[in-house]
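Worksheet for the structure shown next.
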C-alpha cells in the first residue's frame, strides 16, 4: 500500500465516522480538483461550477465510506461530481420553465386589459393563493423565488433532500397555474409554454460498503411504470414514458414524454441479486457488489 493509499484510507474512514476535522481536511485537499472536474464536465462559468462542487461535497460527506486506494476514491469522486453536475443542469432547465409559469401567473391581467399599466389586484391574488399553502411550503417558495436560494441551500437549511424541495415547488407551481386558469377563465392550453407531458427527476448513487443504493426521484411518474435494467459492464438503465391526447384548435394532439437515465457503476456488481423498492415518488435500487477474489 502506497503512502497516498494509506492516507486516503485513513481520511475516508474518519469522514465516514462523522469526524468534522476529516471533512475539513478533505475539503482543503480536494476542492481544487473537484472544481476542475466540474469545469470539465459542464464547461460553465465559475459561479455555476462552485454550486456544483457545493452540492457534490454534500453528497460526498453524506455517503462516503472507507476507501482503500487513492485511485478508487478519485474515481468515485469524479462520478459524484459528474452526476451532480448533470442533475444541476437539468434542474436549471426545469427552474427556467417553472419561473416562466410563475411569471405568466403574475401577469395574467395583461392578457385581459388593453392598458399597459400592471394590475396590482393580480399580485394580491397571487399572494393570497400562496398564503393558502402549508407554512413550510410558503417558506420554500419565499427562499427560492424571493431570496433566490439554490435548491441545495434550501434543502440543507430545512433538513430535506434536494429532490423533495424540487418536487414540492413543482407541485405548488402546478397548483397555482391551475387556479389561475380557473380564476381568469383561460382555456388551459397555454400552448406557448410547450407540451406539459414530461418528467422532472434526480438520482443519488450511494456506496454502502458491500452494496450500491440508487435513489431515483421521479415526482411526475408512476413508479410502477419505471423500467429498471442492469446490463453487462455494470450499466444500469432507468426509463419510463407517457403520452396524453387532447384537442387543440380542433386538432387531435398527442403529447409524449420520456425519462431515461444511464448509470455506469464504479465497481462490479451481482446482477442477479438486484432488488427494487418502489415508493410513491421514488424508486430505490439495491445492488450487492461482486465479491473480491
Tell me which of these residue 24 doesn't satisfy, since it passes every other one: (1) buried (at least 17 other Cβ atoms within 10 Å of the Cβ); (2) more than 24 Å from the chain's Cα centre (by Cα).
(1)
If we take the range 70-185, then helices (runs of 4 or more DSSP H) inside it with 3 or more residues that are modelled with pLDDT of 85 or more and within 15 Å of the chain's Cα centre (by Cα) are 70-106
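Counting just the residues of the range 58-69 that are in a helix (DSSP H, G or I) and out of contact with any strand residue (DSSP E or B) (no Cβ under 9 Å at 6 or more places or on another chain), which one comes out nearest to residue 23 (Cα to Cα)?
If we filter the range 58-69 for residues that are in a helix (DSSP H, G or I), which is where we start, we get 58-63.
Those left that are additionally out of contact with any strand residue (DSSP E or B) (no Cβ under 9 Å at 6 or more places or on another chain): 58, 60-61.
On the way: 58: 10, 60: 10, 61: 7 Å.
Out of the qualifying residues, it is 61.
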Flag if residue 38 is in a helix (DSSP H, G or I), within 19 Å of residue 152 (Cα to Cα) and out of contact with any strand residue (DSSP E or B) (no Cβ under 8 Å at 6 or more places or on another chain):
yes
Within the range 190-230, track down each residue that is under 18 Å from the mean Cα position of the chain (by Cα) and at pLDDT 70 or above.
204, 205, 206, 213, 214, 215, 216, 217, 222, 223, 226
The one condition residue 44 fails out of (1) farther than 24 Å from residue 236 by Cα; (2) in a helix (DSSP H, G or I); (3) at pLDDT below 90 is (2)
Of all residues being out of contact with any helix residue (DSSP H, G or I) (no Cβ under 7 Å at 6 or more places or on another chain) and surrounded by 14 or more Cβ atoms within 10 Å (Cβ to Cβ) in the range 126-155, which is nearest to residue 87 (Cα to Cα)? Just the residue, please.
153
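Would you confirm, using the coordinates I've provided, whether residue 55 is touching a residue at least 12 places away in the same chain (Cβ under 8 Å), crowded, with 20+ Cβ neighbours inside 10 Å and out of contact with any strand residue (DSSP E or B) (no Cβ under 6 Å at 6 or more places or on another chain)?
In short, yes.
The values are calculated or read from the model by the stated rules, or taken from the named source; none is laboratory data. All values reported here derive from a predicted model rather than from experimental measurement. Backbone-built Cβ (ideal geometry, glycine too); neighbour counts: all protein chains shown.
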